[in-house]
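Just so it is clear, none of the values below were taken in a lab; they were calculated from the coordinates. Keep in mind it's a predicted model, so treat the numbers as computed, not measured. For neighbour counting, all protein chains shown are included, and Cβ atoms are generated from backbone atoms with ideal geometry for every residue, glycine included.
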Amino acid sequence: MKYIHLSFALLWLPLLSTGQDIVTGTLTHDGVERSYRLFIPPANTTGGAALPLVFNLHGFGSNANQQEFYSGMNMVADTAGFFVCYPNGRSNAWNVGWEFGSTADDVGFISALIDELSANYDIDPQRIYSCGMSNGGFMSYRLACELNHRIAAIASVTGSMVPSYFGSCNPGRAVPVMEIHGTADDVVPYEGEPGISLHIDTVVQYWATNNTCNPNPASQALPDVDTGDGSTVTRFDYNDCENGHQVSLLRVTGGGHTWPGTIFNLGATNQDINASVEIWRFFSRFTLSEISSLDEVAASEPLLRLYPNPATGFLQLEPRYTPVLTTVYNAVGQAIQQEQISGATTLDLSTWHPGIYFVEAVAADGRQVFRVVKR
């Protein structure tokens, strides 16, 4: 098995200027001091209500700081309004059942960290989730097996499950699961690696069976938005599951051991989707006790209609409610334009560089973010 150490420069990356906050903390577990980073969304998104919490776990040899910037999840959390915790594994690794790496009680550590954060912040205990990159994805699967009475849903990007641990997994309930994986991943191969990782199809089918889903998934080829990234995405959704607890696979044909949508070029990185956005869309449907049905999700109308998308010279905005405060962010989270609109509005894109942008809409009844591609 090969390993990637993320060693890109971090200091130049700007943060959103919307009142967000990053705090660092420590927690002693099993006699060892463990550390973490926590993204706190702007105060004006809370409205006094408890907010969701997402754990975002780094890969083998990486750390919390690098995972925070590599995944770019803070921008999604800023607009959607949820906490993101980036814990540090011991020796830059998570204990997922390998014969190497960490032997720490990481399940107990994450449980203790939930207690610690819940004691200090207004976190909704029904909406706590875990995702991760590579080793962090493996760890998220372990949490789905052992801590699903506290973790509502999980997602893995380039992760899998360890063959020797696989037989020990006994979830006891249906757990919503999303896997995002490239077919050209040479670190955690899609086809699996003896003693290290299972075939991704085996992992996904295991959770579909656990959740008593329809064994025949609905498939959809997603738009090839960036024709120059050398990859495409096909989505497979296992539906009709127990309590609606869906299992989804985003198979990135030609994708490498990377986080789709990241701005960092570390290999074959798909730009048709943004993994952080897809993960949150998936998580936001589930709680520990209930789920918003697909029909309910479809029935919730967006605050804005945006077209054409992808766009070239202009972007038409049509608000459902008025007024709507719109803010445009570029791919690294800089606010580049803000306007309050009260009717159909045309944005001039002639000065925008080609790439991915996010349009945030804030109205009286909510807040939403939309992904826009400028060609």
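Results, tabulated for the structure shown:
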{"item": "Table column - 3J(HN,Hα) (Hz), region 82-91, Karplus curve with 6.51, -1.76, 1.60, x for Gly and Pro", "result": "8, 7, 10, 10, 10, x, 9, x, 6, 6"}
{"item": "For region 95-142, Kirkwood radius (reciprocal of mean inverse C-alpha pair distance, Å)", "result": "12.0"}
{"item": "Fluctuation leader among I279, I110, I200 - the chain, Gaussian network, Cα springs under 10 angstrom", "result": "I110"}
{"item": "Alpha carbon centroid spacing (whole Å) that separates region 169-203 from region 310-347", "result": "39"}
{"item": "FRET efficiency, 1/(1 + (r/R0)^6) with R0 30 Å, evaluated for R371 and A50 via beta carbons", "result": "0.65"}
{"item": "Antiparallel content of DSSP bridges confined to region 301-374, in %, to 5", "result": "95"}
{"item": "Relative contact order [Cα under 8 Å, 6+ residues apart], region 174-262, whole percent", "result": "39"}
{"item": "Relative contact order, percent, region 301-374 [alpha-carbon distance under 8 Å, six or more residues apart]", "result": "34"}
{"item": "No Cys partner within the rule (Cβ under 4.7 Å), the chain", "result": "C85, C131"}
{"item": "Spin-label zone in region 197-221 - amide nitrogen under 18 Å from a point set 7 Å from the Cα of F100 along the C-beta vector", "result": "197-198"}
{"item": "Likely footprinting exposure, H29, H181, H353, fewest C-beta neighbours within 10 Å first", "result": "H353, H29, H181"}
{"item": "D (Stokes-Einstein, µm²/s), Kirkwood Cα radius, region 301-374, 0.890 mPa s at 25 °C", "result": "201"}
{"item": "Spatial separation of Cα centroids for region 230-281 and region 80-153, in angstrom", "result": "20"}
{"item": "Per residue Cα convex hull volume in Å³ - calculated over region 180-301", "result": "124"}
{"item": "At least 18 Å along the helix axis (C-alpha) and Kyte average at least -1.0, DSSP helices within the chain", "result": "106-120"}
{"item": "All Cα pairs of the chain, percent lying beyond 31 Å", "result": "33"}
{"item": "Residues whose placed amide H lies under 5 Å from that of A104, excluding near-sequence neighbours", "result": "N95"}
{"item": "Gaussian network model of the chain, springs between alpha carbon atoms under 10 Å - residue of G31, G195, G255 with greatest fluctuation", "result": "G31"}
{"item": "Selected from T28, T287, T269 as most flexible by GNM, with the chain as the system and alpha-carbon contacts under 10 Å", "result": "T28"}
{"item": "Ranked by how many other beta carbons lie within 10 Å on average, peptides 89-96, 146-153, 173-180, 208-215 from highest", "result": "173-180, 89-96, 146-153, 208-215"}
{"item": "Antiparallel bridges, percent of DSSP beta bridges restricted to region 21-297 (to nearest 5)", "result": "50"}
{"item": "Relative contact order of the chain, defined on C-alpha pairs under 8 angstrom at six or more residues apart (%)", "result": "13"}
